[in-house]
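All remarks here apply to the structure that follows.
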Amino acid sequence: MYPELIKNENIKTVIEYGPFTGGAICYMAEQVKMGMDDPSQSPKFIGIDLVLKHIDPKCRDHAERLNIEFQQGNTADAMELFAKLKETCPKPWLIVEDAHYNCKNVLEAFDAFSEKGDYVIVEDCNSDYLQAFIDHLPNDEERWNYEQENEVCRQKSDLVRDLCIRSPKGRYLVDSKYQDMFGFNVHKGRNSILRRMD
């Protein structure tokens, strides 16, 4: 879904909060590059995480070729970071929130600095998806740990809904073309692929 969205919507900058090992952003960048008529026009990818020590060496090795930059940063400072990125990163943007901490700050910064045609995707906010997994875990300790994670999923879902409700009517719409690409709300982020419309 990501490569198709990036190509179809002519995304110029992809910013992922929470790349962890970097595998997903490298895979995404590779898929986008392979699908482009002119691979040299591939967008800029920026992976931002609190610590970068977990970035896999293979991802670091391919970062330049794939136009990926890894930056150390905190979701708590999203407003300041977006202000800097607005000066240097071309639009439209795709923001991927996959850090699970301070999601509210990322959404507020997106709201402040986004423009018509920009996208935000909040990963892992479909608590039913994780609950189906939790229900089949064999012991109480594992279930308890995943229940804590699932509570974060529910909170993120509420934050996405709140962004849409408190914003001027029609500013953000769920882009069902990508949200429902593989079936109604099958994505791990329920109703969380938002396009800015104004």
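For the reader, a short list of remarks on this structure follows.
- Here the chain is assigned +1 on the Cβ of each Lys and Arg and -1 on the Cβ of each Asp and Glu. Its dipole about the Cα centre then comes out at about 720 debye.
- With each label modelled as a point 7 angstrom along the Cα→C-beta vector, the Thr21-Leu50 pair spans 2.0 nm.
- Tail beyond 14 Å, pair distance distribution of the stretch 136-198 (Cα, percent): 65
- Label-to-label distance, nm, for residues given as Gln31 and Val152 (7 Å Cα→Cβ offset): 2.2
- Test item: Cα-centred dipole of the stretch 1-66, Lys/Arg +1 and Asp/Glu -1 on Cβ, debye: 160
- The figure for Arg154 is an accessible area of roughly 80 square angstrom, using a 1.4 Å probe on the protein chains alone.
- Ala83/Glu4 FRET efficiency (R0 45 Å; Cβ-Cβ; nearest 0.05): 0.90
- Among Gly47, Ile11, Ala24 the positive-end extreme of the charge dipole of the stretch 1-48 (Cβ point charges): Gly47
- Residues Gln131 and Glu64, FRET efficiency given R0 of 35 Å [Cβ-Cβ distance, rounded to 0.05]: 0.30
- CD proxy at 222 nm, helix term only [per DSSP H run n ≥ 4: -39500 (n - 2.57); per residue of the chain; nearest 500]: -13500 deg cm²/dmol
- Among the GluC sites (Glu not before Pro) within the stretch 25-79, those in coil by DSSP and having at most 16 neighbouring Cβ atoms inside 10 Å are Glu64.
- The aspartates and glutamates within cross-link reach of Lys7, meaning a Cα-to-Cα straight distance under 16 Å and a gap of 8 or more places when in the same chain, are Glu30, Asp37, Asp38, Asp118, Asp175.
- Label-point separation in nm, Cys164 to Phe182, each point 7 Å along Cα→Cβ: 2.1
- Most positive-pole-ward Cα, Ile165, Ala63, Gln148, against dipole of the chain from beta carbon charges: Ile165
- In range of the label at Ala76: residues from the stretch 38-67 whose backbone nitrogen is under 19 Å from the point 7 Å along Cα→Cβ: 48-53
The values are calculated or read from the model by the stated rules, or taken from the named source; none is laboratory data. Since the model is a prediction, treat every value here as computed from it, not as a measurement. Note that we place each Cβ from the backbone using ideal geometry, even for glycine, and neighbour counts take in every protein chain shown. Surface accessibility is based on the protein's heavy atoms, side chains included, excluding ligands, DNA and RNA. Shrake-Rupley method; radii C 1.70, N 1.55, O 1.52, S 1.80 Å.
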